[in-house]
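Each value in this text was obtained by applying a stated rule to the coordinates, not by laboratory testing. This one's a predicted model, so the numbers in the text were calculated from it and none came from an experiment. All Cβ positions, glycine included, derive from the backbone under ideal geometry; neighbour counts span all protein chains shown.
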Amino acid sequence: MSKAVVLDSKFKASGEIELPESFLDINPHNSYLYVKSYQAALRANTAVTKTRSEVRGGGKKPFAQKGGGRARAGSTRSPIWVGGGVAHGPKNNRNYFQKVNKKQKKLALNFALNEKADAKRLFVVDTVLIESGKTKDAAAYVKALNARDVLIVKEMVDEKSFFAFRNIPNAYLIEANELNGFTAIAFETVVIEKSVLETLTKEG
């Protein structure tokens, strides 16, 4: 049974919380499908080139068909000419959307959290609050976790904590509704408020 580590206010392990059986034995293929869909949705889809029918100029035959000793050419818009059209280039009318249903999204998140729990990198705290609002205090919070990078999940992000964490390169603060299978698996360590975890485990 996978267990999340409960931390007290001094970042010491004070207990463990068992994840429900529904978090176990999940097919990792659901996580693969969700991550693939998530990354596809991030694609800007801005790369575009012009074909020979779209570039300007080239209406006149550049030189005589015969007598010049050169290969024949009918237009400077040919893809083999500098400044001509591009053959088989990218177009920005492609749809990269990949459908993933709600159940698969939930299974992907459960799989990611279970993986973190197995690796002892899923930590549960009563609340995440940097009352001073200072980056140095947030940095000390992250350093105490002894982690390469940290995803911190709050029920609701307060202004002080937002300003405290925003300039720390290896920490990412999000609200509960932003948590998904991609963000959970992308970070080495996940710190989650107890109320958020309880909601997730109730939902299965």
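Positive contributions from Lys and Arg (+1) and negative ones from Asp and Glu (-1), summed over other residues with Cβ under 15 Å from the Cβ of residue 151, come out at -2. Among the lysines, which fall within straight-line cross-link reach of residue 136, defined as a Cα-Cα distance under 30 Å, with same-chain neighbours fewer than 8 residues apart omitted? Counting by Cα, and skipping residues close in sequence, residue 136 has these lysines nearby: 10, 12, 116, 120, 154, 160, 194. Compactness of the stretch 75-161 is given as radius of gyration and Dmax, 24.2, 71 Å, from Cα positions. Among complete DSSP H helices in the chain, none has alpha-carbon atoms stretching at least 15 Å along the helix's long axis together with a mean Kyte-Doolittle hydropathy reaching 1.0. With the highest mean first, a sort of the peptides 95-105, 188-198 on other beta-carbon atoms found within 10 angstrom per residue produces 188-198, 95-105.
With respect to the cross-link table entries 143/202; 3/106; 3/103; 103/134, which display a Cα-Cα separation exceeding 28 Å?
Pairs exceeding 28 Å: 143/202; 103/134.
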